[in-house]
Structures are given as structure tokens and as C-alpha cells.
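Engineer: Below is a structure I'd like to ask you about.
The values are calculated or read from the model by the stated rules, or taken from the named source; none is laboratory data. Since the model is a prediction, treat every value here as computed from it, not as a measurement. Quick note on the areas: whole protein, heavy atoms, side chains included, nothing else; ligands and nucleic acids left out. Shrake-Rupley method; radii C 1.70, N 1.55, O 1.52, S 1.80 Å.
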Amino acid sequence: MLQADWGRDNNIDHTMIVTKKHRGRPYLTYHTSDTHNKSLKKLLSDHPRAWWCAHRT
């Protein structure tokens, strides 16, 4: 599970779940726009100022 604080205000804005790994790279699924298997690399480039918090379940 990966959570993001887009505004860096110590409030988690978004929660995503890893649903795929390809060549060691994680892909995440989340409810916004029914997004399925978006690469972590793309998320990091789309939100370069976000704070990230990963949870292992």
C-alpha cells in the first residue's frame, strides 16, 4: 500500500494498492478515475513534490 500527501500538509490525500510488479517495478491501482496498474515511476513524475508513505501488509 502506498499513501500520498499531495499538499505536504501532513494529511494523507490518497491511498493506492500495488496490484502488479513487472521487472521489479510496482504498479498501483486506485479509485480516482478508476485507475488500474499505473506505474510508480509515472506517479512520482506526475507529483514530484508529494510526500510518500509506504506500508507493507
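Engineer: Express the carbon and sulfur contribution to the solvent-accessible surface of the chain as a percent, rounded to the nearest whole number, probe 1.4 angstrom.
Structural biologist: C and S atoms contribute 49 percent here.
Engineer: Given Cα pairs under 8 Å that are at least 6 residues apart, what percent is the relative contact order of the chain? If you can, show how the numbers build up before the last one.
Structural biologist: Working: 91 pairs, mean separation 21.8, N = 57.
Result for the chain is 38 percent.
Engineer: Moving on to the next point. How many Å² of accessible area per residue for the chain, probe 1.4 Å?
Structural biologist: 76
Engineer: Take the Cα coordinates of the chain, assign each an equal point scatterer, and use the Debye formula without solvent to give log10 I(q)/I(0) at q = 0.27 Å⁻¹.
Structural biologist: Taken in order of the listed q values, log10 I(q)/I(0) reads -1.23.
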